[in-house]
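One structure is given here, and the rest of the page talks about it.
The values are calculated or read from the model by the stated rules, or taken from the named source; none is laboratory data. Model, not experiment: these values are computed from the prediction. Counting neighbours? That spans all protein chains shown, and the Cβs are built from the backbone with ideal geometry, glycine included. Just the protein is used for accessible areas: all its heavy atoms, side chains included, with ligands, DNA and RNA removed. Shrake-Rupley method; radii C 1.70, N 1.55, O 1.52, S 1.80 Å.
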Amino acid sequence: AMWVSSLCDSTSRGKPDIELVDLSDRIQTINEVMDVTTKPIILDMDTGGTAEHFAYNVRTLERIGVSAVIIEDKTGAKRNSLFGTEVAQTQDTIENFSEKIRAGKNAQRTKEFMICARIESLILEKGVSDALERAFSFVKAGADAVMIHSRKKDPTEIFRFVEEFRKKDKETYIVVVPTSFNSVKEAEFKERGVNIVIYA
């Protein structure tokens, strides 16, 4: 699959990664990618905007051939996750973000389109328990996958999240982006129950 990130789209236009590039510009990138590949496209949608906007955008993206979107449970001015707690970043409430997921799932037309909930608890140093509580709530709201992320080079907390999540949920896809913990081989993620590894 092809990962179309907001960082990539912003950087290619010489703009900061703060949700400044609007969807119409991002669709141009998607169309350009689709000119040269038939692989599934996973689109990084940052926070996804408001629930109402997200529902509308899901239909648009599904119609043009995007296979999956990933939205993160943050609010306010978006900052790249790798800044962690060095810049002010706030998480959405479980209730609000769950409502956004439900709005997106209700809007989609086909069962193939996927919505992945990206959980920022480890980035914001809130711990594995908070991440798990959010993960199970977001799956209950309809998320097809959960993405867990960390700034740490040591993958221990990622492995712990995967292990604890898999004890209760054997089906929902788990996504990781090992930018910081890049010493882990793909095979090890697979053995532990991770389904998608994004090399950003």
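Some observations on this one:
- Restricting segment 88-97 to residues that are under 17 Å from the mean Cα position of the chain (by Cα) and open to solvent by 10 Å² or more (accessible area, probe 1.4 Å) leaves a set whose member that is farthest from E157 (Cα to Cα) is N96.
- Among residues of segment 141-156, those that are part of a loop (DSSP other than H, G, I, E, B) and in contact (Cβ under 8 Å) with a residue 40 or more places away in the chain, counted: 6
- Residues of segment 17-30 satisfying the condition of being surrounded by fewer than 20 Cβ atoms within 10 Å (Cβ to Cβ), of a type in the set (A, V, I, L, M) and more than 21 Å from R109 (Cα to Cα): I18, L20
Results for (1) closer than 22 Å to Q89 by Cβ; (2) surrounded by 22 or more Cβ atoms within 10 Å (Cβ to Cβ), shown as yes or no for each residue.
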position: E32; (1), (2): no, no
position: T37; (1), (2): no, no
position: L43; (1), (2): yes, yes
position: A51; (1), (2): yes, no
position: T60; (1), (2): no, no
position: V66; (1), (2): no, yes
position: E72; (1), (2): yes, yes
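- Within segment 106-140, being under 25 Å from R59 (Cβ atoms), open to solvent by 10 Å² or more (accessible area, probe 1.4 Å) and in a loop (DSSP other than H, G, I, E, B) holds for Q108, R109, T110, K111, E112.
- Flag for E95 being out of contact with any strand residue (DSSP E or B) (no Cβ under 8 Å at 6 or more places or on another chain), farther than 17 Å from S5 by Cβ, of a type outside the set (F, W, Y) and modelled with pLDDT under 95: no
- Of the residues D44, D35, D25, the single one that is touching a strand residue (DSSP E or B) at 6+ places or on another chain (Cβ under 7 Å) and charged (D, E, K, R) is D44.
- Residue within segment 27-36 that is of a type outside the set (G, A, S) and within 16 Å of the chain's Cα centre (by Cα) present: no
- Positions within segment 159-171 being assigned to a helix (DSSP H, G or I) and surrounded by 12 or more Cβ atoms within 10 Å (Cβ to Cβ), in sequence order: F159, R160, F161, V162, E163, E164, F165, R166
- Residue match in segment 156-169 (condition: modelled with pLDDT under 95 and of a type in the set (D, E, K, R)): no
- Condition check for T156: surrounded by fewer than 17 Cβ atoms within 10 Å (Cβ to Cβ), more than 26 Å from S6 (Cβ to Cβ) and of a type in the set (V, I, T): yes
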